[in-house]
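Below: the structure, in structure tokens.
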Amino acid sequence: MPSRDEVDSDTFGMRRSWEARAETNPLYAIDAGRRDWTFEDFYARGPLLVESVVDPALTALGVDPSGRRVLELGCGMGRLFGALAERFGDVWGIDISTTMIEQGRQHCPVKATWVVGDGASLKGIGDDTIDHVVSHEVFVHVPDAQIICSYMSEIRRVLKPGGTFQAQLRGASDTTRQAMVRSLPRPLRVASGRVLQWIGVLPVKGDVDTWLGCIIHPADALAMGRHAGFVEEVLRGPDFGEVPRQAPVVYWLLGRKPLAG
């Protein structure tokens, strides 16, 4: 497990990249399904997402969220907060982008606790204070597995004994073209990313690796969670079914902090 000092989250310009995205087209940067989101449509999708990506995890983990505190890691503008507030008693969110947090405070329809993060830890959140951690479409953009390792240790730190987490991870490239870009040496990958941005194929600002993210095999994800000290770990496919034999583009890792130790 890398020490905190060994994890430099700004090596790939993570904060700069996400600030640039937040200052240009933040809604698309959060959800690339559309380039022309309105705030109304954007937040209206939140309840559907919570129903499809949070409720199944709570069921699999046997969690009754009533009265409990949830933390969304990489919360962006708090699109999930409205539906999370209907299930949990207290909603917290942390994000690397100050601009995203500011816009979330302005537009999010519910009260929440917002924290600006450093991109590799959960600094600002106390030990043993959270009941459930959600990381949706966040680790899939993180460019280095060491940063995810750091986050896993931090998730364990902030969870209460017996607390639970769900983290979406990347198991493969989205497309053949993405796989080709990912296979290039970093200088060529960065250059190709700039070209793709310039011609509009990749309509987001910042370092390409902070968009592509790193690939983590499901077996490695389980090992990462065990190393961080989680128990009752389970893998689920993108729709919370069984994980296919061939690693899917995205999948879920679920787990629990031990009651003691």
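Readers should treat all values here as calculations from the given coordinates under stated rules, not as data from a laboratory. Every value quoted in this text rests on a predicted model; they were computed, and no experiment measured them. Neighbour counts run over all protein chains shown; Cβ positions are idealised from the backbone, glycine included.
Overview of values
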item: Nearest-20 debye value, the chain charge dipole, Cβ charges on Lys, Arg, Asp, Glu; result: 360
item: Nitroxide proxy distance, nm - points 7 Å out along Cα→Cβ at Ala172 and Lys111; result: 4.6
item: For the stretch 138-153, Karplus couplings with θ = phi - 60° (6.51, -1.76, 1.60), whole Hz, Gly/Pro x; result: 10, 4, 5, 9, 6, x, 9, 4, 4, 5, 5, 4, 4, 4, 4, 5
item: Distance (nanometres) between label positions extended 7 Å along Cα→Cβ at Met180 and Glu232; result: 4.6
item: Extreme residue, positive dipole direction of the chain, given options Gln106, Pro238, Gly206 (C-beta unit charges); result: Gly206
item: Point-to-point label distance, Leu259-Arg35, nm (Cα→Cβ direction, 7 Å offset); result: 5.4
item: Relative contact order (%) - criterion: Cα under 8 Å, at least six apart; region: the chain; result: 21
item: Convex hull volume per residue for the stretch 1-136, taking Cα atoms only, in Å³; result: 123
item: Distance from the stretch 83-131 to the stretch 233-261 (C-alpha centre basis), Å; result: 23
item: Within the chain, helix-based [θ] at 222 nm, where runs of 4 or more DSSP H residues each add -39,500 (n - 2.57), nearest 500; result: -10500 deg cm²/dmol
item: DSSP-assigned coil residues among GluC sites (Glu not before Pro) in the stretch 203-255, each with at most 15 further Cβ atoms within 10 Å; result: Glu242
